[in-house]
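Engineer: Right, I'll just put the structure down here and ask away after.
Nothing in this text is a laboratory measurement; each read-out follows from the coordinates by a stated rule. The structure presented is a predicted model; accordingly, all values stated were derived computationally and were not measured. Don't worry about glycine lacking a Cβ; one is built from the backbone with ideal geometry, like all the others, and counts go over all protein chains shown.
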Amino acid sequence: MPKLLVARDDRTDVEISYEDQGTGRPVVLVHGWPLSGRSWEAQVPALVGAGYRVVTYDRRGFGDSSRPWHGYDYDTLAADLHALLEHLDLRDAALVGFSMGGGEVVRYLARYGTERVSRAVLAAAVPPYLLQTDDNPDGGLDEATIGQFEEGVATDRPAFLETFVESFFTAGDEVVVSDAQRRFAWTLAQAASPRATHACIAAFGRTDFRDDVRALDLPLLVVHGDSDAVVPFEVSGERTAEMVEGAELVVIEGGPHGVNASHPREFNRALLDFLGGETTAARAS
C-alpha cells in the first residue's frame, strides 16, 4: 500500500497508508473506530464496479498507518484527510464517513470547504454531538460511559474490544453477523495502536460538531441502522438530518452500528443511489 507523509511528530514521520482503486468520480471512505480502511471491503467492489474511483485509508494510529503519540483530535485528523485529497488531487469527490469517520467529514468541510468535495455521506456517524451536557441533553454518552471506555482500553484492551465488537453488530438481542465477520472486525481493532485506540475515545465522545453540521452546504446522505446500540439513530443520524436542509435520510431496518457490514446490499444501494444523483456543480450549471 502506498503511504503519504502528512506530518512529523516528535521527530517521527507520520505517514497515512491508503489504497486507490478504479477510475471515475472519486469516493473517499473514512473508517470508524477502532477499525481500518479494510472495514470497507463490502463497499469497495460495488463502488469500483459502478464506475467510481475509490480511495480508502487508515487513520493515523490504525491499520498500516504510522502510530504517533499525538494528533488524535479532529482538527489534526481532518488535516490528514485534507493532505490526502491534495496529494491525489481529487476533485468532485464524495466523502463517506462511518461512525468516528463522520466527524472527520464534517470537520474537513468546516475547515477546508467544498473546493474538492461535491457531496457527503454520514453513516452511523457520531455528529452532531454525543456527549450529554446541559445544552445537549439528547447526547448518547455521559462522562461515566466515556470513562468506562477509556478504563476498558487502558486495563484490558483485548477483552474490551471483544465486547465492543459484539455490540457493534448487535440489533436488539441478536448478533446479526457471522462469528467470522465479528472475528474479522476484532482482528482489525486489535491491530490498532493502543495509544490511538484510547486517545480517540475523547475525540469522538466529547467533540461538539453542531456548528460543523449546521454549516454543511452540499448534498448530504445520512444512513443509519434503526437498531444501532453504539451510536443510536435518535441521538445522531436523526438529529443531523433535521439540522441540514435537504438532507436525504435512509434508515435501514434491523441495522446495527456496523450496518455497512451487516446489511451491505441495503447500504450499498443507498450509497449508489445517492452518488448517482446530480452534483452541486451540475445543478449550478
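Engineer: Suppose we keep only residues that are in contact (Cβ under 8 Å) with a residue 40 or more places away in the chain and over 17 Å from N260 (Cβ atoms) within the range 165-193. Which one would you say is surrounded by the fewest Cβ atoms within 10 Å (Cβ to Cβ)?
Structural biologist: G172
Engineer: Please give the number of the condition V105 fails out of (1) out of contact with any Pro (no Cβ under 9 Å at 6 or more places or on another chain); (2) of a type in the set (A, V, I, L, M); (3) within 27 Å of H198 (Cα to Cα).
Structural biologist: With respect to (1) out of contact with any Pro (no Cβ under 9 Å at 6 or more places or on another chain); (2) of a type in the set (A, V, I, L, M); (3) within 27 Å of H198 (Cα to Cα), V105 is out only on (1).
Engineer: Restricting to the range 229-248, count the residues that are closer than 28 Å to T163 by Cα, crowded, with 19+ Cβ neighbours inside 10 Å and either among the small types (G, A, S) or touching a Lys or Arg at 6+ places or on another chain (Cβ under 6 Å) (or both).
Structural biologist: So the count comes out to 2.
Engineer: With the range 53-139 as the region, which strands (runs of 3 or more DSSP E) entirely inside it contain at least 3 residues that are farther than 23 Å from V230 by Cα, touching a residue at least 24 places away in the same chain (Cβ under 8 Å) and over 12 Å from the mean Cα position of the chain (by Cα)?
Structural biologist: 53-57, 117-123
Engineer: Restricting the first residue to the range 1-13 and requiring it to be over 16 Å from V55 (Cα atoms) and without any contact (Cβ under 8 Å) to a residue 60 or more places away in the chain, which pairs with a second residue that is polar (S, T, N, Q) and surrounded by 12 or more Cβ atoms within 10 Å (Cβ to Cβ) meet a Cβ separation below 8 Å and a spacing of at least six or different chains?
Structural biologist: Between residues of the range 1-13 that are over 16 Å from V55 (Cα atoms) and without any contact (Cβ under 8 Å) to a residue 60 or more places away in the chain and residues that are polar (S, T, N, Q) and surrounded by 12 or more Cβ atoms within 10 Å (Cβ to Cβ), the close pairs are T12/S66; D13/S66.
Engineer: Looking at W33, W40, W69, can you tell me which residue is in contact with a Ser or Thr (Cβ under 6 Å, 6 or more places away or on another chain) and under 28 Å from H198 (Cβ atoms)?
Structural biologist: Within the list W33, W40, W69, the selection yields W40.
Engineer: Among the numbered conditions (1) more than 27 Å from H70 (Cβ to Cβ); (2) assigned to a helix (DSSP H, G or I); (3) not polar (S, T, N, Q), tell me where R157 comes up short.
Structural biologist: If we test R157 against (1) more than 27 Å from H70 (Cβ to Cβ); (2) assigned to a helix (DSSP H, G or I); (3) not polar (S, T, N, Q), just (1) comes out false.
Engineer: Ok, one more. For the range 1-42, which strands (runs of 3 or more DSSP E) that fit wholly inside it have 2 or more residues that are within 23 Å of A189 (Cα to Cα) and either more than 14 Å from the chain's Cα centre (by Cα) or among the acidic types (D, E) (or both)?
Structural biologist: 3-9, 12-21
Engineer: Tell me, which residue of the range 199-228 that is touching a residue at least 40 places away in the same chain (Cβ under 8 Å) and among the charged types (D, E, K, R) is surrounded by the most Cβ atoms within 10 Å (Cβ to Cβ)?
Structural biologist: Per the criteria, the residue is D228.
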